[in-house]
Structure formats: structure tokens, C-alpha cells
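One structure is given below, encoded as C-alpha cells.
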Amino acid sequence: MNKYLFQFFITILFCACVTVQSRSQKILPSNTLGAFYLNGDLEEEYKTVLQQLKETELQDSSPIELIIPLMNAGKISMFLEKYKRANKYLEKVLKIIEDNTGWLYPDYGIALNFYIYSKLKLNELDDIEFLLKEVNTIHEKSIGKDNISYANLLFNEAIYAYKMNQFEVAEAKVLEAITMSKELTTEAEYYGRYLFMELYLNKLYFKTSRENIALQNLNILKDKLEEIHLDNTFIYSKTILFIGNAHFAKEEFIESEKAYEEYEKVIDKILPNHPEFYGDVYSRRSAILMYTSRYNECIPFLQKTLEQYDEDTNEDKRNRIKVKLAYCYFALGMYDKLDVLLDKIENIRFENTEYNTLLHIVRTERAMVAGQYIKAEINLSKIPNPLLTGKKYLTFDDQLALQLNIRLTILLGRLNKAKVLIEQWKEYLATSKSSNQKFYVNIELLEVFSLLTSNNYKEVIQKLESISSDNPQITPYENFVKHLFLGHAYYANRDTLKAKSTFEKALTIADKIQYTEQHIDILKVKTYLLNIEVAEGNYEGIEKKYKKILDKVEVNNITYSKVLSDIAYCYAAQNKWELAFQTISKALENRKQLYYSYFASASEVDKRLYLRKTKYAFDIFYDLLLRANPDIQDKFVALAYNIQLMNYHFYWQDAQKQNIKLYNFQHDRRSHHYPSYLTQLNLMKSRIATFKFASDENKSKYKKEWIETDLRTGNLEKTLLRAAAHFEEEKEEALFKWSDIKNALKEDEVVVEIVKAQLYETSQEAHYFALLLSRNSSSPQFIPLENTDLLEKEGYALYLTQMTSRRSLVLMKEDEHDTYDLYWKPIQQEIDKLQRKPNKIFLVNDGVYRLININTLKNTKTDQYVLETHSIVPLVSSAKLLQNNTLTFKEKTAVLFGNPNFDKKEDDVRGVHSNFKISSLPGTQKEVDKVGAILKNDNWNVKVYTQENATESNIKNFKSSPEILHIATHGFFFKQTSNNNINSSLFQSGLILSEVNSKPFSEKFKEGNDGILSAYEVLNLNLSQTKLLVLSACKTGITNSFEDEEVLGLQFAFHTAGVKSMIMSLWDVDDFATQKLMNDFYTNFIGGQSKNEAFRKAQLNMLEEYGSPYFWGAFTITN
């Protein structure tokens, strides 16, 4: 729309180049050029102006005599939208006046007004403010402000304010210009020469969501022009064009198209030999086609527009059409043509910065289809979020960018962040007065996409079935997306009949849109239909159909591994198990390579969210593993073990390395006296965490600051991660394999890997199994475990009842399951079959097993706890066996925290608020005193923080990482978080320290320290030298265990921060028993026993003294 805003300005100026009138002069002198203009004969005017200029130059006229012909040439060039040519003429005028009469000569102001207008059209804004002041000075010092020239200046100021998004200022300026013009002219002259000001005013109206007012005014103006017989003029054509634009803004596309057709007829009369104006109307028509998803029809219009534009056409206009063409290529799936065009426009830069938005959108969309999500995020980050920048009126491109931002956010698994963005967008649309309704449907579809990603298929079906395809607001594209999502939901919900008919309808809609066969969404639909054929047992020619699809999918797109997985499933359905295994292995290898690419600069939270979102291939693999024929199962089991090792690499090892790289990067920059920005990043993260635990009142008050902080945090973190990755590049490491673990084991050692396989896309069920490995294993052994519901619900509830009883004997009901039999017996039975009884069992837990201390399970037949019969060493992964896990303490430094001060400071003036009622922990004072004494007796350098000094701030601000860190305080774990904060699962667990009740929220938010150290904040600590962490607090070992793809609470966070071994708790702990357990552990440990043996001996001592595992079993050690 911007391209038409200003071109009418020139009409008001041409008569000013002939004479300057005062308010007392109401009659303008006529001239030949004016007659041409009013008669609509612009072709004749163009010829006459150029002929006059040529004659004047040939007559060897004085420079002053050249002013008017040059000014007329500049004016007519502006009429024809040849602004660079116009400014060449006008620059000559300005030079002549400066050299001969001085810049106070009135014509200088007129020429400068022309010149400013042309520069505004070219979006050359750098010196506009200075030039406007210069024209103002001419009026003040020369001809005054009571003349039509000053009205022209006001209009230029309005245009500039518009460019600066100062719409109220622009409106006030143009209204003043209109008032002055009406006072200085007759009615006929006003409508013939100055009506463009009112056109511009109405443009402002529909720009600022007042489309109805604009449309009403424009139709009145059109009728008036017809009444006074000016219906064959340039100003009349532009009035019609603006009417079309107003209908477009209201989404009244039929009326808009009619207006554009009428505009073209008038242009055909007055400017038949100037294709520029035909190009403009083709551009407007293409906008309708784009808006209504008729991309295939749009492409010829855009190509035709480019043919009409020549080299003298505003470069922004030409490039804008090219970008629109690129968007259409993308929308239809013409990726080859898109790539060629993107290469051609790679280096374009728009003077009109708003045009950059669509360019970044196209580049982002292309990167997403190619699976280049880092590149996509970089491109998208170049588009400011208009809802945060305070932009009051959003353009179509702005809203496309919002839609894309939310879609990419969902695609990467950041569902909570997407929800916040959607709420912001809804709030804008609700408060906007625009009649534009298009994006309400988009928002509904984005909400459905989020639900689909969360596997809420029934809710998806309910929502989509309520959206009528006959709704006139739904474009063909939106209707296609609706059927794609609905078909997916039916398919996942096992309603294959409805899924099939819905997908077939989606293809019918796609045919009408004319999507190409390589369009990624078409390939997805066709893959679903093939999957349904497999489910129906129709295998004839199915493999060729799958491979035809696979050939069209880009290898880095996530759909590639998905199609490979579906082919593997198809082979398995036909009992072609060897082919199934080979194909699923390729799918997993493809996924692994994409993880390497994406994870290079992704935060730990983003990694896990992305893994969760992209685990389809793993779902299919585990489904095949559980059904595999016996003759192929060993291969599947071996690969399953390797997947567990890969998960360790991506989940744990890579996380720790990335954290180290960040701190090394910080150290290097500081050594060169440059800021690292890591401190600022961590502060912003702490503020996000502080907001999470704020009262509802403070959340409302600080919401905008939180959203802005979160946006800056995400952008800064990504750039620092990329910089740190390049700063300390390393070769891609070969992943560990199960055979490496086998070779690391001793003859009397075994490994047990517990695996929870969550099959979201197939059976939608979860399955537990164990993988057993010994030194003599030919391959890992597969051990099926109990039903998931039994393990996670009834079994776990029974376990908690038994563990939290202080009695050593808990009577069981006759029909109750035995927890030993549920969780350990199947594994023990296979261990008993080994040739040699192991002295040590390395145990890697998963799912509900993370909430269970295997040592506390009692074999009712032998009347012994596992603690008594086995030395079990919990590991985060068996890959740890390939690393040096010996604890050596070079500096012998220890830091102890205990007995924080939780006293509430009642100070209404300061506004202190806390959501927590917290009991004091005097027992922890005794605990840290005793631990400190034991360590000091062994010549350790011990620092103790208690009471007011046991703060979150002191934990975050270690000058160096202590080798032992002991924290005795309250821990917390929330099963669910009600807040919509981004990455909310990281806030489910943490530690509570002294600041929690001691400061007003404003101070907490500024400092980022609220006395609640969440796992989210722990991730950012530098504990690379901490060999042992003891969290002597309640529930510090509890994680979001049933959904292991998500973050794993404090255990994962502290490991990422650098801690090597951790002692944590699973339930509320007895104060006195904890003191004794810790005292015995440290005594044993300092006495020379390994940490694992020292801890086991301490627990055995407690068992002998107390009996019930309530007193000794809450704490677990993990390495």
C-alpha cells in the first residue's frame, strides 16, 4: 500500500512552481500544463514539458530561466513515479538557485519540497528531518506561512511522520494542510489539484483500523469528482485505487477487485504508454490472490508486474515483487524455483524497512523446510516482535511473521512460549478496532498445532470439527491445514476410516490450490495415506510409493526420517525383519546427524524439547523392538542399548561440555578486557526464575518486563552458544557402543539399564524393559518388566506408603503387589542365571525407577533388602564406566550451607511477599557443624554459610568451584506447574534459601535472587571442579520422571553445571536420622573408603539401628 501514499503530492506543487499566492489571492493563474493535468492528458503534458526544457537549453538561456522548465520536468517525472530521474532535475534547480540567488529565494523552498517528497518515496530518510527544517526556515525568513507552499510543507511533514509510525502526528499535520488548502483555493481548484491530501488522510484511516470511515469518505470524494466532471483525471484514478485498498483492508476482495479494474480503465485512458501504473494494479491484484491463498494465480500477476517495471522504477517496488514471487514459490512447494530466486535476491536491501519482514519470512520458511532450524531462528530473529516494540497497527507482513514465529516455536517443542505468544496476539486483535478477521482462524489453527504436538488428539478433533469449512473467513490454505491436522488426529486416535477420508479431502483442496508434488505437506499427507494402506494390509506396490515420496523429501527435513521409519514399519508388517532393521537404523542415523547440527547452538532446555518433538523414529524403533522376531531381536536390543548411550551423549555429556565452553569463552574474553555477556545472560535467567515464583499481583505488574527479558535471554543465549562453539571447535566424537561398555566391565560386574519406551505415535503406550550386560555377554539381554500403569500408579503408591512409614514392618493386604517382585525380581532372576554372581551392579534408572531406591526393596522370601545382598552403584549412564570416575581432591575445598533464615519480614511499606510458609531447620545447623568438623579434622579448607548467609546469591557467586558442596535446606518438587512460564518444567524442583522472605519483589527481580534456587538457574552455575554434591534436603532427587524426555530436575541441572557425583533425597527426611547418616558417610569417606562404599556402609549402619528404610533409604547416590 505504501507505494501509492505520496505520488499525489506532486499535483499540489506544480502550480506553486509558477507563482506563490497569499491568503488574499483566491484565484490561481491557469497554464498549459495545468490544463493538461485537469483534462487527464498526462501523455501530452509529459511531451510538452520535455520539449520546453529542450528548447530552453538550446536557447542558451540564463540559469534562472532554466528553473521552471527543470522544475516542471522534475514534477512530471514524479507524476510518472520516476523519482530518481525527478531528483536529478531538482538537484540542478537547487544548485542553480544556490549559485545565483541564494537559498532564501522562494523557488528554492518549492523545489526543496519536491525533492523531499521524492526522497520520501525512495525511503531515503536520513536527512529528511534536516531538509524539512530548512524549508521551514525559508518560510520564516522569506515568504511567511500564509501561502499554499506552506501547506505543501505540512503535507511533507505528515508523510515523514507516517514513515516514522507517528500516525497521530501525521493525521494532525495533514488535517492542517487540508484546512489551509481549502482556505486558499476555490472548490474546483481544491478538488482538481489538492484532493490528494484527503486521499492520504483516508489512507491513514484504514492504516489505523478505521476502514469504514475511510471507505465512506472515499466514495463521497469519488461522487464529487464525477459531479464536477473530473472523472477522467489522475486524481480520480487514485481515488478509485484508494477505494480498492480500503475494501482490501476490510477483506472485501470482490469489491476491491472491481475497484482495481476500474482504476486500470482510467489509467488506460490517461497513461496508456506508461506500464508502471499497470504494474501497480497488477501488484494490488496479486495481493488479493496471496491473501486468499491463490498462489498459483498470483505468480503470473507478479511476473507481469515485473515486466511492467523498468530500471527507473523504484528499486524497493521491484524487489518487493520479487520477494512476493519467492513467497508464492514457497507456498506452492516450488523449492527449486525458490532457491534460484533467493540466490538472485540474496543481497537486496530495502530502503523501506517494513519490506524486509516478508524477505526474512521467506528465508525462514525455506530454512525450516530444509530442516535448518538454527538458520531459521537467525532469520526470524531479524524481525522484531511488533507486539513488544509497541507497534500500534500491524501490517499483513507483521502478522505473517507472528504466525511463523509461533509455528516455529511449536515445531521446536517450546509449547509454553508459544502459548504466551498466542495470548499476546489474541490480546492485540481483541483491542484492535480493525475489521480484519483473517488471523483469528490462523490463531485457532496454531492452538490446534500445539495440542497436536502435545498428543491431545481428542481435543484436536473436537476443536477442528467445530471449524466449518464453509466459513467464508477460511482460505483454501487454512482449509487444507485444518484437514491435515484433523487427519493426523484421527490417525493417531486409531480412526483410520475418518483419517483416510480427511486426508483425501486435503489432497482435493491441495489440487485446487495447485500445490506441487514436492510440497512438504503434500508428502506428509501421502505418507499418512500409505500408512493407512499398511494398516489395512494393502502391501502391493507400497514400497515403491514410499520411496517415491522419500526421493522428494530433503534429507535434512524431519519428514525424511519419519518416512524411513514408516517404510521400516511396513517391512515389519510383512515380516521382512532384516529390511525393517536396516531401514529403521538409517532413520535413526539421519536423526542423529540432524541432532548434531541443531544441538551445536541450542540450549539444554531447547535440546530436550526438540528431542521430545522429534522422537517419531524412536517410537517406531521401540515398537518394532517389542514385536521383533526372535532371530532378529538381538540386533534390535543391541541398537536399543546404543540409543541409551547416544541419549547420554546428547542429554548429559554434551550439556556439560557446552557449559564448560561458555565459561572458557567468558574467561578468554575477560582476559582481553572484553565483556563476555555471560554474566548478563545469567542475570536475565535469574530474573525469569524470580518472576516464576512471584505472587499473582507481581506477575501481572512485571509481565511485560518478563516477556521482554525472556526474548532477550533467548536471543543472547543462542548467539553466545554459537560463538562459544566456534571458539572451541572439536571434532564430532564417535558415540559409545554397548561393546565398549562390555569391555570396560570386570568379571564380577554387570550393568542394568532401565528403559522406558514411550510410544506416542504408534500404540500411545509406554513400556518398561531392562537391558542386562556382563563381561561375558554376546549381546545385551532384553528383560521385559511389568505393566507401565502398575509400575507408575499402584506400585509407586504402595512403595511410597511403605517407605514413608517409620515402622520397620508394614503389613500388606492380601491382594497387594510386592514392590520387590514388581520392580526388581525380573531383573534379579536374570542376574541369578549368570555364570558368576556379580559383586557390583551398575544401575541406570529411567521413568518411575528414578523415584525408587532399589536398595530399599525387600525380598520377602529371604527377608533381606537389596542393600544387604548387592552393592548397587547408580549411574546416569553406563558410559560413565568409560570415563575416569575416581574422586581426587587436590585443593580439599568444601562449602557447606545450612539452617537458612526463613523468618518472614513483615514490612508493608517494602511490599515483601512470599508464596511459601516455611519451617525453620535448626537440625541442619548441627548437621553442617558436624560435617565441617569432620572435614576440618582432615585438613580441609571449609567455608560455612548459615542463617542470613545461606543465600541463593552466595551459591551463584562462588569465586571458584568447591570440590565438595553440601547444602542442607528445604527442597521442593511440584508435580505440575500452573504458570505459563517458558520452560516451566525446569521450575518444578529446587532449593529454598534465606532471601525467600527477606526482600521486596522489586529488589528480588532486579537482583535475580528470590531465595528459590530452581533447576533452571542451577543449569547456569559453574561447578566444574565440584566432585561431590550433597543435597541434604527433602525431595531433591525427585524429577519429572514419568516423562523422561523432559528435563530431569536438580540431578540433571547440577550434572550439567559440572558436578561429578550427587547424593539426593526422594522423600521428606527425618532430621536426626539425616544428621547421623551424613555423619557416618563423611567419616567413612574421609577415612579412605570410596564414596559409593562409604555411602552404602552408612546406610547399612542405619538399617541395623533403625530398621525401617524411612530413616536410611530416602537418600541415593548417583554418579
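Each value in this text was obtained by applying a stated rule to the coordinates, not by laboratory testing. Given the structure is predicted, the values throughout are model-derived calculations rather than measurements. Virtual Cβ from ideal backbone geometry, glycine too; neighbours counted across all protein chains shown.
Data table
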{"read-out": "Modelled FRET efficiency - R0 56 Å, GLU794 with ARG669, Cβ distances, 0.05 increments", "value": "0.55"}
{"read-out": "Taking the chain and dividing mean pair separation by its residue count, relative contact order in percent (alpha carbons under 8 Å, at least six apart)", "value": "7"}
{"read-out": "Residues with amide H under 5 Å from that of ILE872, placed H, sequence gap 5 or more", "value": "ILE841"}
{"read-out": "Likely footprinting exposure, ASP231, ASP748, fewest C-beta neighbours within 10 Å first", "value": "ASP748, ASP231"}
{"read-out": "Amide H partners (placed H, <5 Å) of TRP1067, local residues excluded", "value": "LYS1035"}
{"read-out": "Packing-based exposure ordering (other Cβ within 10 Å, fewest first) of HIS672, HIS970", "value": "HIS672, HIS970"}
{"read-out": "Overall form of segment 623-762 per C-alpha gyration tensor (a/c, 1.5; a/b vs b/c)", "value": "oblate"}
{"read-out": "Label point distance in nm, LYS382-LYS959, each placed 7 Å from Cα along Cα→Cβ", "value": "4.6"}
{"read-out": "Residues LEU867, LEU342, sorted so that the one with the fewest Cβ neighbours within 10 Å comes first", "value": "LEU342, LEU867"}
{"read-out": "Calculated [θ] (222 nm, deg cm²/dmol) that DSSP helices of n ≥ 4 give over the chain, each run adding -39,500 (n - 2.57)", "value": "-18500 deg cm²/dmol"}
{"read-out": "Per-residue ³J(HN,Hα) for segment 201-208, Karplus 6.51 cos²θ - 1.76 cosθ + 1.60, θ = phi - 60°, Hz, x for Gly and Pro", "value": "4, 6, 4, 4, 4, 7, 6, 10"}
{"read-out": "Gain on full stretching of the segment that runs from LYS737 to LYS375 - 0.36 nm per residue minus C-alpha separation", "value": "127.2 nm"}
{"read-out": "Neighbourhood net charge (10 Å Cβ-Cβ; Lys/Arg +1, Asp/Glu -1) for PHE1081", "value": "+3"}
{"read-out": "Extension gain, GLU187 back to GLN680 (0.36 nm per residue minus Cα-Cα distance, nm)", "value": "171.1 nm"}
{"read-out": "Percentage relative contact order, segment 600-749, counting C-alpha pairs under 8 Å, at least six apart", "value": "37"}
{"read-out": "Cβ-placed point charges (K, R +1; D, E -1), dipole of the chain about Cα centre in debye, nearest 20", "value": "2040"}
{"read-out": "Extension gain from ALA172 to GLU55, taking 0.36 nm per residue of separation minus the Cα-Cα distance", "value": "37.8 nm"}
{"read-out": "In order through segment 494-499: 3J(HN,Hα) via Karplus (6.51 cos²θ - 1.76 cosθ + 1.60), integer Hz, x for Gly, Pro", "value": "6, 9, 5, 5, 5, 4"}
{"read-out": "Placed amide H near GLN864: partners under 5 Å, 5+ positions off or other chain", "value": "ASN859"}
{"read-out": "For segment 322-334, Karplus couplings with θ = phi - 60° (6.51, -1.76, 1.60), whole Hz, Gly/Pro x", "value": "4, 5, 4, 4, 4, 5, 5, 4, 4, 4, 8, x, 8"}
{"read-out": "Nitroxide proxy distance, nm - points 7 Å out along Cα→Cβ at GLU830 and TYR596", "value": "3.1"}
{"read-out": "Shape of the chain, Cα gyration tensor, a/c cut at 1.5", "value": "prolate"}
{"read-out": "Overall form of segment 352-417 per C-alpha gyration tensor (a/c, 1.5; a/b vs b/c)", "value": "oblate"}
